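To keep things clear, I will list the structure first and then write my remarks on it.
The values are calculated or read from the model by the stated rules, or taken from the named source; none is laboratory data. What you see is a predicted model; the values in this text were computed from it and never measured. Counting neighbours? That spans all protein chains shown, and the Cβs are built from the backbone with ideal geometry, glycine included.
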Amino acid sequence: MYKLAAALCVLSAPAFAAGLDITVAGQANGTIHVDLFEDTAPQHVAQIEKIAADGGYDGVVFHRVIEGFMAQTGDVEFGKADGDTSSAGMGGSDLPDIPAEFTNEMSFDRGVVGMARSQNPDSANSQFFIMFAPGPFLDGQYTIVGQVTEGMDVVDQIKIGDGPNGSVTGTPDVMAKVVVTE
């Protein structure tokens, strides 16, 4: 009976196609490993993998970090640490926006990675966020793309924003290097 229950748990969990190793520098230092959910968000995962493989996420800041909620990053247009980040959060990549891939099979729990978007559900592009705590009010509103499996201690140390709507002032933490893993 226990073997059957274990098998059903494995079958109901999302398949991990690939992942990301995100090396963070700043107030937080270390590596965050994210397993990506290719089966539930294939278009989003493909776009994240392409941006990461092309080095697009390297040097991008965590521009919006709200204590007890989430840390947002991934603005490859306006969020590069070596440039003017005053518009971070307003940009995306040169790739097209992605239609929503919502699921009722998972919830925004601690460590879940979701795609940021504008008011339009089909506007996700390159930005994503990592949950500090459960946020079930996001379920069915944002695409879940992965789960932190290692490095939540690093996530917990990311510099908290003290500006409007959680914007990080001063020197934000940065994704120094993002590598696609298998």
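Quick one: count up the residues across region 153-182 that are surrounded by fewer than 18 Cβ atoms within 10 Å (Cβ to Cβ), under 16 Å from ALA25 (Cα atoms) and modelled with pLDDT of 95 or more.
Count: 8.
Anything in region 44-57 that is within 14 Å of ALA18 (Cβ to Cβ) and without any contact (Cβ under 8 Å) to a residue 60 or more places away in the chain? List them, or say none.
Within region 44-57, ALA46, LYS50 meet the criteria.
Considering region 117-160 alone, what residues qualify as being part of a loop (DSSP other than H, G, I, E, B), in contact (Cβ under 8 Å) with a residue 24 or more places away in the chain and small (Gly, Ala, Ser)?
SER123, SER126, ALA133, GLY135, GLY140, GLY151
What do you reckon, is GLU150 surrounded by fewer than 16 Cβ atoms within 10 Å (Cβ to Cβ) and not small (Gly, Ala, Ser)?
Taking the combined requirement at face value, the residue satisfies it.
Would you check which residues across region 106-147 are surrounded by 19 or more Cβ atoms within 10 Å (Cβ to Cβ), of a type outside the set (A, V, I, L, M) and either more than 11 Å from the chain's Cα centre (by Cα) or farther than 16 Å from HIS44 by Cβ (or both) and list them?
Within region 106-147, PHE108, GLY111, ARG117, ASN125, PHE132, GLY135, TYR142 meet the criteria.
Which condition number in (1) farther than 21 Å from GLY30 by Cβ; (2) of a type in the set (D, E, K, R); (3) free of Cβ contacts under 8 Å to residues at least 60 places away in the same chain is the one that GLU105 fails?
Only one criterion is unmet by GLU105, namely (3).
Go through the residues of region 92-112 one by one and say whether even a single one is modelled with pLDDT under 95 and of a type in the set (D, E, K, R).
Yes, there is a match, as at least one residue in region 92-112 is modelled with pLDDT under 95 and of a type in the set (D, E, K, R).
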